Amino acid sequence: MASLHTSSPIDGRSYAGKSIWLSPFVEYNFTQIKSRHLTGNRANDALTHIGADAAPRTFNSKVVWVGPDERLLLSGELDAAHEHYARDATSGLIAIAMKGASVRRLVENETSAVDFTPGFASRLRFADLAVIIIVRATDDLLCLVERSAATWLFDWLENRAKLLDL
């Protein structure tokens, strides 16, 4: 599956505060898996068959649990047999890396819905946007946001970090 966009609207941007660092993250391609049209055990079987089974609100090096019937494969390649319920989401999602000792303070200032245990992942409201937060380490998060809102969110994060003196 080829991505429509090869660049990010926040390419070349970064922010380094006192104890926080923000930048685009481009290491992953995203393949969205939706199984809601499958009924009963067929949905779970399909997700398991392609290696996309994951515990609720978690991620591992390969799969992000987004909802009961939705997963994101990170750098995932699917064979043609599974493409009928998978789509390339790389062009529609932008990942913003948030790293440093003050990441928790920046995020908790806006939402309390994040569990900072490594391996946590969840879709939630953040800065009044629907995002997916992935906790890679206690001081290393990824924030996945729709391409159209990426510049706004990056600006918001940068301004919030400055306001909080992070």
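Just so you know, all these numbers are worked out from the coordinates, no wet-lab data involved. Not measured: the values here are computed from a predicted model. Note that we place each Cβ from the backbone using ideal geometry, even for glycine, and neighbour counts take in every protein chain shown.
Extension gain, D165 to K34, is 43.1 nm, computed as 0.36 nm per intervening residue step minus the present C-alpha separation. Note that the range 124-132 has calculated 3J(HN,Hα) couplings of 7, 8, 9, 6, 6, 10, 7, 9, 10 Hz, one per residue in order, obtained from phi through the Karplus relation 6.51 cos²θ - 1.76 cosθ + 1.60 (θ = phi - 60°); glycine and proline are x. Close amide H contacts of T90 (hydrogens built in the peptide plane, cut-off under 5 Å, sequence separation of 5 or more or a different chain): F30.
Note on K162: lysines with a C-alpha under 17 Å away, same-chain residues under 8 apart excluded, are K18, K99. From a point 7 Å beyond the Cα of S19 in the direction of its Cβ, which residues of the range 96-110 have a backbone N at a distance under 14 Å? The answer is 99-109, whose backbone nitrogens lie closer than 14 Å to the label point.
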